[in-house]
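Right, one structure below, let's go through it.
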Amino acid sequence: MLNRKNKLLLFKLLSLFSVVRGYNILVITLAQYLASIYILAPNLPLRTVVLDINLFLIVTASALVIASGYIINNFYDAEKDLINKPTKTMLDRLVSQRFKLTTYFILNFLAVLAASYISFRAVMFFSSYIFGIWLYSHKLKRVPFIGNLVSSSLAITPFFVVFVYYGNFETVIFVHALFLFLLILAREMIKDLENMAGDMAQNYRTIPIIYGAKVSKALIGLLIILTLVPSLLLINTFDVGYMYVYFLACIVLLGLFIILLWKATGKKHYVWLHNILKFIIVAGVFSILLIDVDLVLNRIL
């Protein structure tokens with residue numbers, strides 16, 4: 001049995017894991033590697049990609065910056081989250097704000113250190129990424145739509161840096177990126193509907209607060225319709241292997257999403273809609289394996 005001191009330590013570790021959203025970081029890390037293997041560098045041997053020290057450092061630096069970004073975002077949103085996410089916030093508060101800030105600076109230092117082993121350009125890139133996340137958390141997230149655009153752009157930045165590293169500029173990659181960006185942007189706008197109570201209390205100027213829920217729903221619906229364009233392109237124009245099954249399922253789910261969106265009236269409904277988009281995004285990570293089910297075996301052999 002754990003004594004009181006060990007239980008407190010365990011809860012603090014869980015609190016820190018909750019603050020940095022460790023589960024999200026694990027999914028992003030997996031997504032970077034799968035995208036590298038199946039989409040960005042499909043002609044390289046599996047061993048070459050997996051054991052590439054530069055790719056490992058890029059993924060590590062990305063994970064550290066993302067973790068620090070969640071911390072600084074949690075720091076600035078502490079009061080708002082107490083209204084919107086009371087249970088999670090109580091767990092997050094087991095770790096002091098001072099400790100969170102200290103961890104924030106340590107993680108950023110380690111990220112830049114990891115980047116320094118790649119190149120000076122990598123240092124500049126990740127330093128800019130750190131600054132961009134801070135600027136978003138401190139100022140831009142309060143600006144309607146601009147905050148949503150910046151947040152979505154920051155979310156796909158870890159994939160952008162891997163894309164630049166491999167220098168693969170095939171059209172199919174941009175179509176994949178557009179699909180992901182539109183989904184993330186729609187999810188960010190759903191979160192604004194979900195968090196209206198806390199945003200109003202803290203004077204956040206989000207689209208549903210300024211223009212109303214109907215305008216926000218119309219914009220989200222438009223984004224979902226636009227998402228169907230890259231989905232259909234990836235099914236009909238590009239060779240994505242069995243991943244076309246995923247995109248067909250997405251079209252069905254997104255159609256259902258639009259119907260539920262217009263019927264939604266409260267936070268509970270918006271949480272469900274948020275979870276649908278989150279499920280589609282996470283499922284998309286694992287569906288990358290469907291691009292070529294024999295790829296890993298062929299590379300190993």
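Tabulated values for the structure
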{"item": "Index of the failed condition, residue 177 passing every other in (1) in the same structural domain as residue 66 (by TED's automatic domain parsing); (2) without any contact (Cβ under 8 Å) to a residue 24 or more places away in the chain", "result": "(1)"}
{"item": "Of all residues making up the stretch 30-57, the number that are more than 15 Å from residue 158 (Cβ to Cβ), touching a residue at least 40 places away in the same chain (Cβ under 8 Å) and in contact with a helix residue (DSSP H, G or I) (Cβ under 6 Å, 6 or more places away or on another chain)", "result": "5"}
{"item": "Of all residues in the stretch 205-228 being without any contact (Cβ under 8 Å) to a residue 12 or more places away in the chain and hydrophobic (A, V, I, L, M, F, W, C), the one that is nearest to residue 185 (Cα to Cα)", "result": "222"}
{"item": "Near pairs, Cβ below 7 angstrom, 6+ apart or cross-chain, from the stretch 241-267 (in contact (Cβ under 8 Å) with a residue 24 or more places away in the chain and farther than 13 Å from residue 280 by Cβ) to any residue that is among the aromatic types (Phe, Trp, Tyr) and surrounded by 13 or more Cβ atoms within 10 Å (Cβ to Cβ)", "result": "264/270"}
{"item": "Residue among 270, 242 that is buried (at least 16 other Cβ atoms within 10 Å of the Cβ) and touching a helix residue (DSSP H, G or I) at 6+ places or on another chain (Cβ under 8 Å)", "result": "270"}
{"item": "2 or more residues under 20 Å from residue 152 (Cβ atoms): qualifying helices (runs of 4 or more DSSP H) within the stretch 182-301", "result": "196-201, 207-211, 213-236, 244-263, 267-287"}
{"item": "Hey, residue 153 in a helix (DSSP H, G or I), touching a Phe, Trp or Tyr at 6+ places or on another chain (Cβ under 8 Å), buried (at least 20 other Cβ atoms within 10 Å of the Cβ) and in the same structural domain as residue 66 (by TED's automatic domain parsing) or not", "result": "no"}
{"item": "Odd one out for residue 144 among (1) part of a helix (DSSP H, G or I); (2) touching a residue at least 40 places away in the same chain (Cβ under 8 Å); (3) touching an Asp or Glu at 6+ places or on another chain (Cβ under 9 Å)", "result": "(1)"}
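A quick yes/no check of all residues on (1) modelled with pLDDT under 95; (2) over 19 Å from residue 269 (Cα atoms); (3) not charged (D, E, K, R):
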{"position": "168", "(1), (2), (3)": "yes, yes, yes"}
{"position": "172", "(1), (2), (3)": "yes, yes, yes"}
{"position": "177", "(1), (2), (3)": "yes, yes, yes"}
{"position": "183", "(1), (2), (3)": "no, no, yes"}
{"position": "196", "(1), (2), (3)": "yes, no, yes"}
{"position": "205", "(1), (2), (3)": "yes, yes, no"}
{"position": "215", "(1), (2), (3)": "yes, no, yes"}
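The values are calculated or read from the model by the stated rules, or taken from the named source; none is laboratory data. Computed from a predicted structure; not experimentally measured. Cβ coordinates were reconstructed from backbone atoms using ideal geometry, including for glycine residues, and neighbour counts include every protein chain displayed.
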